[in-house]
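Engineer: Mind looking over this structure? Questions follow.
The values are calculated or read from the model by the stated rules, or taken from the named source; none is laboratory data. Just so you know, these numbers come straight off a predicted model, no measurement behind them. FYI the Cβ positions are ideal-geometry reconstructions off the backbone, even for glycines, and counts take in every protein chain you see. These accessible areas exclude ligands, DNA and RNA; they are computed on the full protein's heavy atoms, side chains included. Shrake-Rupley method; radii C 1.70, N 1.55, O 1.52, S 1.80 Å.
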Amino acid sequence: MTATLEAPVGSEKTEVGAVPSFEVTIKLRRYNPESEHGEDAYWEEYTVLAHGTDRVLDALHKIKWEHDGSLTFRRSCAHGICGSDAMRINGRNRLACKTLLKDVNPNKPITVEPIKGLPVIKDLVVDMEPFFASYREIMPFLITSGNEPSKERLQSAEQRERFDDTTKCILCAACTSSCPVFWTDGQYFGPAAIVNAHRFIFDSRDEGAAQRLEILNDKEGVWRCRTTFNCTEACPRGIEVTKAIQEVKRAMITRAF
Amino acid sequence: MSTTSTSSPLAAPRDPYKRQKTTRSNYELYSWVFMRASGVVLIVLIFGHLFVNLMVGEGVHAIDFGFVAGKWASPFWQVWDLLMLWLAMIHGTNGVRTIINDYAQRDGTRLVLKGALYLAFVVVTVLGTLVVFTFDPCPPNALDYQLPSFCFTGRP
C-alpha cells in the first residue's frame, strides 16, 4: 500500500506540501481489574488531534501521553519489525504502527481492541504465552545430524527461495488471533506455529522435517485449518499463510501415502 | 474528552488457558483425504442417480413403487445405492463432526452433539442398508392392487 494523500480529511484548503490536521475519535476496548470497572471490559472514547501522516500508534501515544496515562499497550520498535503492537483495529487485526489513520476512515470512531482468543492482561496487552507455547512445540530451530561442518551449510538460491515467504514472520500473533478455529477453544496450533514449522520443514539444511510433520499431524494441528484465509488477510508482512499451511498438509499426505 | 460505556456484553477478558495433551494420530489425515475422495465419488454417484431417475425414459413421471422395486432387483443398482448411502452418510457425518468441533466451546456440549450425530448416523445407515438388501418387491401377504405388475407375470 503506497501512502498517497488523495483527499486530505478535515481541512479543505491546505498549503501545498502541508500535512493536514484533523480530529479523530478512537474507541478503545479497555480492561483494568484494578479500576472501578472490575472484571468487566468497557469501551472508552478519546478524541485527539491527528495529522495526515499519523498512524494509529501515534494516536494511542497521544492518548497515553496527553489524556490518560493508565492506557496500556505494547509497542517496541514502532516500525513494523518487532511485532509487539498487533491489535484489532476496526475489526481487523493489524499492526498499530503500520496502519495510517487516513486508511481506516478517521471520519468515524476507530475501534481498537486487543487481539482475540488470548487472555487479556490489561487494556490492549494480552497474555502471549499460549501463542508462544505452540510456537515452541514445533521446534523452531535448526535440527541436523552428524559432525558440525567447519564452514557454512551451503544452499542454492532456489533452495532458499522454497521457504523464503515464511522467514518473514515477526511473531506478532495477528494471524493466530484472527483464526476462528483458534477462537473456539485455543487448542489449535494456529497459523503462526505452522508458518514457522514450514520455514524449517522446507529448508534443505534442516533434517527435522519428519519430527515437525509428526507434531503437526495432531487433532489440533494442520487438519483443523478450514482455509478461511483470515490469517493471510491479517498478516502485516504479507505472508501467504494459508498457502503455507496447505503445503504442510500436502507434505503430510505425500509422506503417508 | 473520554466517555465510558459498559452496556454491551463483552466476554470475560481473563478466561484461563490450558493446552491439552497431544493428540497425534493419522486419524484427521485420513478423514481429510476421505472427504476429498468421497466427495469426488459422490458427484458421480449422485448425478448418475439423478440422471437415471429424472431424465432417462419417461423421466420423473416413471417413479413409483414399481420403478424403485425394479431398480433394486438388479445387483448393480443395489451396490450403487448402498455405496451412495454409505459414502453420503460418512461424508456428511464427518463434515458435521468437524463443524461441532469448531463451534462447540464446552466439552459437554461437544459430547452431547456428537452423541446425537453418531446415533442418527447409525439409525439411518443400518435402516438404509437393511432396506437395500432385504427389499422384496412382492411380499407374500400384500394386497394385489398395492403390488407392481411384474409380481403377477409368473402367476397363473
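Engineer: If I measure Cβ to Cβ between cysteines in chain A, which ones have no partner under 4.7 Å?
Structural biologist: A:Cys97, A:Cys169, A:Cys172, A:Cys179, A:Cys225, A:Cys235
Engineer: Moving to a separate point now. Aspartates and glutamates within cross-link reach of A:Lys151: Cα-Cα under 20 Å, excluding same-chain residues under 8 positions apart?
Structural biologist: Leaving aside aspartates and glutamates fewer than 8 places away in the same chain, those within reach of A:Lys151 are A:Asp203, A:Asp206, A:Glu207.
Engineer: List the trypsin sites (Lys or Arg not before Pro) within region B:61-138 that fall in a DSSP loop (any state other than H, G, I, E or B) and whose Cβ has at most 16 other Cβ atoms within 10 Å.
Structural biologist: Here the trypsin sites (Lys or Arg not before Pro) that fit, given the DSSP loop and packing criteria, are B:Arg106.
Engineer: When the helix-only estimate is applied to the protein assembly as shown (DSSP H runs of n ≥ 4, each -39,500 (n - 2.57), divided by the residue count), what is the mean residue ellipticity at 222 nm, nearest 500 deg cm²/dmol?
Structural biologist: On the way: 12 runs with 161 residues, N = 413.
For the protein assembly as shown, the value works out to -12500 deg cm²/dmol.
Engineer: So, with +1 on the Cβ of K and R and -1 on the Cβ of D and E, and no other charges, what is the size of the charge dipole of region B:76-156 about its Cα centre, to the nearest 20 debye?
Structural biologist: Here the size comes out at about 280 debye.
Engineer: Let me check against my output: what whole-number percent is the relative contact order of chain A, with C-alpha pairs under 8 Å and at least 6 apart?
Structural biologist: RCO, chain A: 16 percent.
Engineer: In addition: Please enumerate, by chain and number, the lysines with C-alpha under 17 Å from the C-alpha of A:Lys62, excluding those fewer than 8 residues away in the same chain.
Structural biologist: Of all the lysines, those that pass the test against A:Lys62 - Cα under 17 Å, at least 8 places apart if same chain - are A:Lys27, A:Lys98, A:Lys102.
Engineer: Mind checking the angle between helix A:241-256 and chain A's longest principal axis? C-alpha axes, 0 to 90 degrees, to the nearest 10.
Structural biologist: Once rounded, the angle reads 20 degrees.
Engineer: Setting aside same-chain residues fewer than 8 positions from A:Lys249, which lysines have a Cα under 29 Å from its Cα?
Structural biologist: Here the lysines satisfying the reach criterion relative to A:Lys249 are A:Lys116, A:Lys168, A:Lys219, B:Lys18, B:Lys21, B:Lys114.
Engineer: Normalised by the residues of region A:95-233, what does the relative contact order come to in percent, with Cα pairs under 8 Å and at least six apart?
Structural biologist: Once normalised by length, the contact order is 27 percent.
Engineer: May I pose another question? Give me the mean projected area, in nm² to one decimal, of the convex hull enclosing the Cα positions of region B:53-156.
Structural biologist: Averaged projected area of region B:53-156's Cα convex hull equals 9.4 nm².
Engineer: Further question on the same structure: For region A:130-159 and region A:10-81, what is the centre-to-centre distance using only Cα atoms, to the nearest Å?
Structural biologist: Each part's Cα centre sits 40 Å from the other's.
Engineer: Where Rh denotes the Kirkwood radius from the mean inverse Cα pair distance, what is Rg over Rh for the protein assembly as shown?
Structural biologist: Details: Rg = 29.8 Å, Rh = 26.2 Å.
We get a ratio of 1.14 for the protein assembly as shown.
Engineer: A further question follows. Compute, for region A:138-190, the length of the dipole vector about the Cα centre, with Cβ point charges of +1 (Lys, Arg) and -1 (Asp, Glu) only. Units Debye, rounded to 20.
Structural biologist: The calculated dipole for region A:138-190 is roughly 100 debye.
Engineer: Let me ask something else. Once the dipole of region A:22-88 is set up with Lys and Arg at +1 and Asp and Glu at -1 on Cβ about the Cα centre, which of A:Thr25, A:Ser76, A:Trp65 lies farthest towards its positive end?
Structural biologist: A:Ser76
Engineer: Then there is this: Let's see if you can work this out: charge +1 on each Lys and Arg Cβ, -1 on each Asp and Glu Cβ, no other charges. What is the dipole magnitude of the protein assembly as shown about its Cα centre, in debye to the nearest 20?
Structural biologist: Result for the protein assembly as shown is approximately 680 debye, rounded to the nearest 20.
Engineer: Pairs of alpha-carbon atoms within less than 8 angstrom and 6+ residues apart define the contacts here; what relative contact order does region A:84-143 have, in percent?
Structural biologist: Relative CO of region A:84-143 lands at 25 percent.
Engineer: For an R0 of 56 angstrom, estimate the FRET efficiency from the Cβ-Cβ distance between A:Glu129 and B:Leu147 and round to the nearest 0.05.
Structural biologist: 0.20
Engineer: Now for a separate question. Please arrange A:Val16, A:Val222 by accessible surface area, largest first, computed with a 1.4 Å probe and ligands excluded.
Structural biologist: Details: A:Val16 155, A:Val222 0 Å².
Listed by decreasing accessible area, they come as A:Val16, A:Val222.
Engineer: Taking the dipole about the Cα centre of the protein assembly as shown, with the C-beta of Lys and Arg at +1 and of Asp and Glu at -1, give me whichever of B:Thr22, B:Trp77, A:Ala133 is farthest to the positive side.
Structural biologist: Checked the options; the winner is B:Thr22.
Engineer: Taking each residue of B:22-30 in turn, how many C-beta atoms of other protein chains fall within 10 Å of its C-beta, and what is the average?
Structural biologist: 6
Engineer: If you don't mind, another one. Can you find, among A:Ser178, A:Gly91, A:Pro109, the residue farthest towards the positive end of the dipole of region A:75-178? Put +1 on the C-beta of Lys and Arg, -1 on that of Asp and Glu.
Structural biologist: A:Pro109
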